[in-house]
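Working notes, structure below.
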Amino acid sequence: MPASNIRVSSCFPGHATLVADYVGGQRGRQEADQLYNRVLSQIAWDEAAQKLVGYIAVNAELAAIDSTASAELLASLDPIGLGYKPGSTAYITCCKVDADQQANLVWQLLRGVFSSIAALSSLLIISHSDLNSAKPDGNLAAHFREVMHRSEAGLWLYECNRNAALPPLQVRRARVEDHDDLLPVVSAAAAGPYSSLAALPASCNPNEPFALTRLIGSQDDQNLVLLAEEDGQLVGLLVATSQLDISLLHSSFDLTAYDGFLPPDVYETCERDAMHAATEKVNLRHQQQQKHQQQEQQQQEPEEVAAAVEAVRFTATG
């Protein structure tokens with residue numbers, strides 16, 4: 001389990017000094033200079049010790065982890081030909097974590113990278129050495145599988161798949177017997193940074209014992225309690241209801257982007273009425289234009305006849 005005092009977050013240019021000092025030496029300065037181009041990079045921060053304890057640099061472009069290999073050598077691995085698409089693939093170029101927390105921190109950093117962008121499906125490592133024998137900072141070999149070894153280029157290609165780092169959650173309806181397993185989930189959320197979202201609804205008397213049991217037992221067509229499971233362990237809870245005071249929401253928020261939270265049947269009726277009104281307006285405008293054109297034509301006809309008569313008269317007298 002991840003340490004509760006470790007916070008993994010995206011790495012920004014403002015972290016340049018921290019990264020330079022943590023990685024150290026010329027490599028640290030290089031990493032700090034590249035933060036503008038590495039939006040997927042992550043840092044691990046120890047809240048208790050108030051210090052950086054892990055860093056992983058990720059590049060969207062083809063790059064190696066342990067050297068500035070030539071473009072020709074890198075291209076010889078042909079990741080695209082192996083099915084790794086540019087828009088969903090990224091490359092680890094540096095990874096360092098404190099030695100006493102390697103196992104947990106590397107895993108947390110990898111999960112952080114995948115969590116930062118939903119389209120990312122694979123993290124690759126291109127290395128000049130076998131990760132299993134070299135064991136660079138972070139012990140990355142424990143989390144990556146070897147895809148290929150190009151001996152003539154002296155390069156290895158490794159992959160960490162999204163589903164390996166972030167296994168898909170299983171979502172299901174809550175059952176009364178989930179009560180005991182749910183308590184620590186709710187307690188952890190209540191102690192977290194978004195505690196207001198973890199508050200149970202007033203309808204289940206949250207300050208009384210077995211509030212969760214009452215909440216789960218009250219499910220019906222308009223109230224739903226969903227659970228998220230990861231590897232058989234409960235990791236999330238969501239309570240949803242369609243019993244809302246829409247007028248109160250309208251008075252507090254602009255709901256235009258959400259169709260005013262109208263029920264589907266009401267929205268469809270409003271949409272039909274709006275389309276009918278728009279069609280009538282277009283037809284009326286068309287009729288008005290036609291009438292205007294007819295009036296102009298009627299005004300022009302006498303003038304044209306008079307001009308023709310005058311022309312004939314001029315010809316006859318001439």
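The values are calculated or read from the model by the stated rules, or taken from the named source; none is laboratory data. A quick note: this is a predicted structure, and the numbers were derived from the prediction, not measured. Backbone-built Cβ (ideal geometry, glycine too); neighbour counts: all protein chains shown. All accessible areas refer to the heavy atoms of the entire protein, side chains included, with ligands and DNA or RNA removed. Shrake-Rupley method; radii C 1.70, N 1.55, O 1.52, S 1.80 Å.
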**Q.** Residues (free of Cβ contacts under 8 Å to residues at least 60 places away in the same chain, within 20 Å of Gly81 (Cα to Cα) and charged (D, E, K, R)) located in the stretch 121-151
**A.** Arg145, Glu146
Q. Going through the stretch 138-153 one residue at a time, which ones are modelled with pLDDT of 90 or more and open to solvent by 80 Å² or more (accessible area, probe 1.4 Å)?
A. Arg145, Glu146
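Restricting to the stretch 195-205, name every residue that is of a type in the set (Gly, Ala, Ser) and either open to solvent by 80 Å² or more (accessible area, probe 1.4 Å) or not in a loop (DSSP other than H, G, I, E, B) (or both).
Residues of the stretch 195-205 of a type in the set (Gly, Ala, Ser): 195-196, 198-199, 202-203.
Hits for the stretch 195-205 are Ser195, Ser196, Ala198, Ala202, Ser203.
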Q) In the stretch 271-318, which residue that is within 30 Å of Thr256 (Cα to Cα) and among the acidic types (Asp, Glu) is modelled with the lowest pLDDT? A) Glu271
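Which strands (runs of 3 or more DSSP E) does the stretch 22-131 wholly contain that include 1 or more residues that are within 24 Å of Arg7 (Cα to Cα) and among the basic types (Lys, Arg)? Break it down into steps so the answer makes sense when it comes.
Working: elements: 42-46, 51-59, 89-97, 122-127.
Filter on the stretch 22-131 gives 51-59, 89-97.
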Q) Quick one: how many residues across the stretch 233-255 are open to solvent by 70 Å² or more (accessible area, probe 1.4 Å) and not in a strand (DSSP E or B)? A) 11
Q | Hits in the stretch 3-35 (condition: within 17 Å of Ser116 (Cβ to Cβ), of a type in the set (A, V, I, L, M, F, W, C), open to solvent by 30 Å² or more (accessible area, probe 1.4 Å) and out of contact with any strand residue (DSSP E or B) (no Cβ under 6 Å at 6 or more places or on another chain)) | A | Phe12
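Residue by residue, here is whether (1) in a loop (DSSP other than H, G, I, E, B); (2) more than 31 Å from the chain's Cα centre (by Cα); (3) among the hydrophobic types (A, V, I, L, M, F, W, C) holds:
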residue: Leu157; (1), (2), (3): no, no, yes
residue: Asp178; (1), (2), (3): no, no, no
residue: Ser187; (1), (2), (3): no, no, no
residue: Pro193; (1), (2), (3): yes, no, no
residue: Ile216; (1), (2), (3): no, no, yes
residue: Val225; (1), (2), (3): no, no, yes
